[in-house]
Amino acid sequence: MHKKSYPIILAIDTSCDETSVAITQGAKILANIIASQVEIHRQFGGVMPLIAKLEHNKLINPTYNLAIKTAKIMPEQIDAIAVTYGPGLAIALEVGLIFAKNLAQELNRPLIAINHMEGHLYSPFGLNSKQSPKFDLPDSKFPALALLVSGGHSDLVYLENLTSFQKIGQTIDDAAGECLDKFARLLDLGYPGAPVMEKMAQKGNKNRFSFPLPMTQSGNLNYSFSGLKTAGRHQITTLLKLFKQDIYDLSASFQNAVFTALIYKLNKAVIKYQPKSIWLGGGVSANKYFKLLLRQYCSKYNLNFYYPKSHKLSSDNAAMIGLAAYFHFQNQDFVSDFNLLQRVPRLSL
Ligand code: KG4
Ligand code: ZN
C-alpha cells in the first residue's frame, strides 16, 4: 500500500470535558486515548469551563505520549496534525489548538482544522488497528442521511457522497442529549444523567406516561426539545412522591418521547431525500434502546444503518477527528497561517 494514500494523522480533541489524542490512518484507529474529567465535574453537576481548561492543560501531554506509545509509532512518522477548533467550550478548545500548533511547528507537518460535529459524522466508520485503512462504504449506500445527537447538537445531515454534505435540520433550542440530562437531573440521577436514565428505563414502562411529540406541525426538519422538557417537569410535579417504579417509568417514557421525536423528523427527511443509508453519531448514540429503535426503523424501510462500533466512538474522542481529517488531507485542506486559526465555540456544520 502506498503510504501517502493513507497518511498517519495525529488528532486532538479538547472541546469539552475529555482530553483526547488519537492516531489514525484512513479509517484505521491506531490509538484513541481519552482522559475523562467527568468525575471531577460530576460534583458540580455540570462542566466547569475553568476546571476543564486546567485539566486539559495537565492531561494533554501524558495523553499525547500514551497515544504515541499505543500506536507504536515515532512522532516523525506523523504526516499531519488535526485538531478540533469548534464547537465547544472556548477555553477548553484553546488548549488543544495551542498544543496542535506547537506540535505541527515542531514536526514541520501540516495542520488540519476540524469541526467536532464532522468528527461525530464519520465516527461510525472507525476500524481497529488490524483492519484495512479503507473506508468501508460503497457508492451504492449514497445518498445518506446522518443524525448527530450530542449534548449540544441535534443535527440532520444529507450526504451526496462520502465528502460532500449539508446540514438540513438542527435543534432550535435544547439538544436531545441536553434534554435527557436535564430531565435526569430532575429525577436526581446525577451528571451526566442520560446514561443512568437509560439503565432506569430498562426496568420501566414506556407507555405509562405520555409526552407531546414536538414540532410535528412545522414543515421543516428542525427539532425542538424545550416543550418536552417542560412537559417532563410538569409530569414529575403531578406525582407527589417519586417511588422507584415511578423513576423507572418516567425514565422509560421520557426517553422514548425524545427518541420518537428524533425519528419523526428523520422519517420526514427520509421521505424527502430518499437515502440508501442512515448514519448515527454523537454521545446519545451510546443508547442501546435508541439504536434498537433505529435498527427497526431502518430494516422496515430497507435502509443500511451505520453507527459507532464502540462506546468510545459514540462519546467525545479524537479518533473521529482523525477520520474526518483524512478527507481534508486528501484535498490538501491545510491551515495556511497558524496565527489565523482561532477557536470557534459556536461553529456550525
Ligand atoms: O457527543 P458527546 O459525548 O458530547 C458532546 O459533544 O456534547 O454527547 C454527550 C451527550 C450527553 O448529553 C450525554 O448525556 C449523552 O450524550 N449520552 C447519552 C448516553 N450516553 C451519553 N444519552 C443517552 N443514552 C446514553 N447511554
Ligand atoms: Zn461530541
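No lab work stands behind these numbers, since they all come straight from the coordinates. No experiment lies behind these values; they were computed from the predicted model shown. In this analysis, Cβ positions are derived from the backbone assuming ideal geometry, glycine residues included, and neighbour counts consider all displayed protein chains.
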Exercise. Check off (1) surrounded by fewer than 16 Cβ atoms within 10 Å (Cβ to Cβ); (2) over 21 Å from the mean Cα position of the chain (by Cα) for THR260 and give me the number that stays unchecked.
Key: (2)
Quiz item: When only residues in segment 203-219 that are in contact (Cβ under 8 Å) with a residue 40 or more places away in the chain and exposed (fewer than 12 other Cβ atoms within 10 Å of the Cβ) count, which is nearest to LYS272 (Cα to Cα)?
Solution: THR216
Practice problem: Mind listing whichever residues of segment 294-303 are within 16 Å of ligand 1 (Cβ to nearest atom) and either surrounded by fewer than 16 Cβ atoms within 10 Å (Cβ to Cβ) or over 19 Å from LYS206 (Cβ atoms) (or both)? | Solution: ARG295
Quiz item: List the pairs whose first member sits in segment 300-311 and is within 18 Å of ILE263 (Cβ to Cβ), whose second member is of a type in the set (Val, Ile, Thr), and whose Cβ atoms are under 9 Å apart, counting only residues at least 6 apart or on separate chains?
Solution: TYR301/VAL270; TYR301/ILE278; LEU303/VAL270; LEU303/ILE278; ASN304/ILE278; PHE305/ILE278; TYR306/ILE278; TYR307/ILE278
Exercise. Return the residue satisfying two criteria in turn: it lies in segment 304-345 and is touching a strand residue (DSSP E or B) at 6+ places or on another chain (Cβ under 9 Å) and charged (D, E, K, R), and of such residues it is farthest from ligand 1 (Cβ to nearest atom).
Key: ASP333
Exercise. Please enumerate the residues belonging to segment 264-274 that are surrounded by 17 or more Cβ atoms within 10 Å (Cβ to Cβ) and free of Cβ contacts under 8 Å to residues at least 60 places away in the same chain.
Key: LYS268
Quiz item: What number of residues within segment 67-99 are of a type in the set (Gly, Ala, Ser), buried (at least 23 other Cβ atoms within 10 Å of the Cβ) and closer than 24 Å to PHE165 by Cβ?
Solution: 3
Practice problem: Go through (1) touching a residue at least 40 places away in the same chain (Cβ under 8 Å); (2) under 19 Å from the mean Cα position of the chain (by Cα); (3) within 22 Å of PRO124 (Cβ to Cβ) one by one and return the number of the condition ILE8 breaks. | Solution: (2)
Self-check item: Sole exception among (1) within 21 Å of SER150 (Cβ to Cβ); (2) in a helix (DSSP H, G or I); (3) over 21 Å from the mean Cα position of the chain (by Cα) for PHE44, by number
Solution: (2)
Quiz prompt | Matching entry among GLU55, GLU39 (being part of a helix (DSSP H, G or I), farther than 25 Å from PHE183 by Cα and among the acidic types (Asp, Glu)) | solution = GLU55
Practice problem: Out of the residues in segment 6-17 that are surrounded by 24 or more Cβ atoms within 10 Å (Cβ to Cβ) and assigned to a strand (DSSP E or B), state the one that is nearest to ligand 1 (Cβ to nearest atom). | Solution: ASP13
Quiz item: Of the residues that sit in segment 89-125 and are out of contact with any helix residue (DSSP H, G or I) (no Cβ under 6 Å at 6 or more places or on another chain) and outside any helix (DSSP H, G or I), which one is nearest to ligand 2 (Cβ to nearest atom)?
Solution: ASN115
Quiz item: Within segment 234-251, how many residues turn out to be among the charged types (D, E, K, R) and exposed (fewer than 13 other Cβ atoms within 10 Å of the Cβ)?
Solution: 2
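Each row is one residue, and each column tells you yes or no for (1) away from ligand 1 (no atom under 11 Å from the Cβ); (2) more than 25 Å from LEU30 (Cβ to Cβ); (3) surrounded by 23 or more Cβ atoms within 10 Å (Cβ to Cβ).
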| residue | (1), (2), (3) |
| --- | --- |
| ILE112 | yes, no, yes |
| ALA175 | no, yes, yes |
| ASP181 | no, yes, yes |
| LEU187 | yes, yes, no |
